[in-house]
Amino acid sequence: MTAHASSRFVFATRRSQLALAQSRKFAAQIAQIDPGIRVEELQVVTTGDRIQDRPLTDIGGKGLFVKEIEEALLDGRADFAVHSIKDVPALLAPGLRIACVPKRVDPRDVLVSRVGRPLQQLPPGTRLGTSSLRRSAHLKAIRPDLVIAPLRGNVDTRLRKVREGVVDATILAYAGLIRLGLEHVVTQILEPDVSLPAIGQGALGIECRDGDDRTITLLARLHDPETAVAVAVERGVMLEVEGSCKIPVAAHAHRRGDGRMHLRAMLADADGSRCAFVEHTLAWPPDEQEASRFGREVGRQLKARQAAM
């Protein structure tokens, strides 16, 4: 029996199908590394989940998906929280930290089309549903003849609206469909040069209280340093440009076959205009702190390039 055999941990999660699927999978991984650990689930309804009839830009941004969950950590109802890290603001609530970034799932976007046609073959006037300013900016550059229709809701809701013809197609994160076992609905995987992924897309961020050594020690066993460095670069970009769902911003960092890092980042105006890109290949950063510093430098370059447009 291990030192953690009698330990009990509570994790907080949103109630959406995707949030529950990824949280429970992470909890199962904890059980695999130490079967003696007892992990319990605390479901939290966030403001972002309650308000579905307005764009996130109108109600306060993506941070509304984590506010109530962070409150559960701070008041001791939960020991850790499982987030899609792309929903986590650049600055955490005081007293909290991201203690674990597990191995990333495929970060790319995908197209789901009711008629089964890829993006370039969709007829002019096709209604493509998305409330993501980032995705809208890419679509306006590639297919300005499409009609962008607002579309919020969880994965199941957005897929249902495609099936019912409310919209003709939508763009989703491939990672979410993988975690839900819905890869079969994908019409087309969109490469990063077509739709640059959201910052942190495909990665989880496991949040806990600062100073909670018991939980931090446990979470460290599932931390993936390579994913953490890539995400730190991307989040550094977001921090520098003060990124939120009100600004189309994207960044994707990955390790090339030669071991170096390739980073591509984008910043645009809210209407998709003045769309600036920065691209770099560099030695793989030695740690998350150096990665974040580099990301912030790229963020400064993006702002300068956009201002010059």
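FYI, it's all coordinate maths here, none of it is from the lab. Remember, it's a predicted structure, so these values are computed and weren't measured experimentally. Glycine gets a Cβ as well: all are built from the backbone with ideal geometry, and neighbour counts include every protein chain shown.
Check Asp224: other-chain or 5+ apart residues with amide H under 5 Å from its amide H, H built from backbone geometry?
Those qualifying (amide H under 5 Å, at least 5 residues apart or on another chain) are Val101, Lys103.
Each label point is 7 Å from the Cα along the Cα-to-Cβ direction; what then is the distance between the points at Gln17 and Leu91, in nm?
With each label point 7 Å from Cα toward Cβ, the separation is 3.7 nm.
Is the shape of the range 234-307 rounded, prolate or oblate, going by the alpha carbon gyration tensor and its root eigenvalues a ≥ b ≥ c, with a/c under 1.5 for rounded and a/b larger than b/c for prolate?
Since a/c reaches 1.5 and a/b is larger than b/c, the shape of the range 234-307 is classed as prolate.
Which net charge results for the neighbourhood of Cys100, defined as the other residues with beta-carbon distances under 11 angstrom from its beta-carbon, given Lys and Arg at +1 and Asp and Glu at -1?
Here the charged neighbours net out to +1.
Between Leu42 and Leu282, what is the label-to-label distance in nm when each label sits 7 Å out along the Cα-to-Cβ direction?
A separation of 3.8 nm, rounded to one decimal place.
Can you pull out the trypsin sites (Lys or Arg not before Pro) in the range 164-238 that DSSP calls coil and that have at most 14 other Cβ atoms within 10 Å?
Passing sites in the range 164-238 are Arg221.
Within the range 261-295, whose backbone N sits under 11 Å from a point 7 Å along Cα→Cβ of Arg143?
none
Please order Phe9, Phe80 by the number of other Cβ within 10 Å, starting at the fewest.
Phe9, Phe80
May I ask you to derive the relative contact order of the range 206-309, considering only C-alpha pairs under 8 Å and at least 6 residues apart, and to give it as an integer percent?
Across the range 206-309, relative contact order equals 29 percent.
Taking the C-alpha atoms of the chain, how large are the radius of gyration and the largest Cα-Cα span, Dmax, in Å?
That works out to 19.4, 64 Å for Rg and Dmax.
How big is the antiparallel share of DSSP beta bridges in the range 109-190, given as a percent to the nearest 5?
For the range 109-190, the DSSP antiparallel bridge percentage is about 60.
Would you mind classifying the range 109-190 by shape? Square roots of the alpha carbon gyration tensor eigenvalues, ordered a ≥ b ≥ c; an a/c under 1.5 is rounded, otherwise it is prolate if a/b is larger than b/c and oblate if not.
Because its axes are fairly even, with a/c under 1.5, the range 109-190 counts as rounded.
Using the Karplus curve 6.51 cos²θ - 1.76 cosθ + 1.60 with θ = phi - 60°, what ³J(HN,Hα) values do you get for each residue of the range 148-165, in whole Hz, with x for Gly and Pro?
8, 10, x, 8, 10, x, 6, 4, 4, 5, 5, 5, 5, 5, 6, 4, 7, x
May I ask you to derive the relative contact order of the chain, considering only C-alpha pairs under 8 Å and at least 6 residues apart, and to give it as an integer percent?
Relative CO of the chain lands at 20 percent.
For the chain, what is the percent of antiparallel DSSP beta bridges, rounded to the nearest 5?
If we restrict to bridges inside the chain, about 70 percent are antiparallel.
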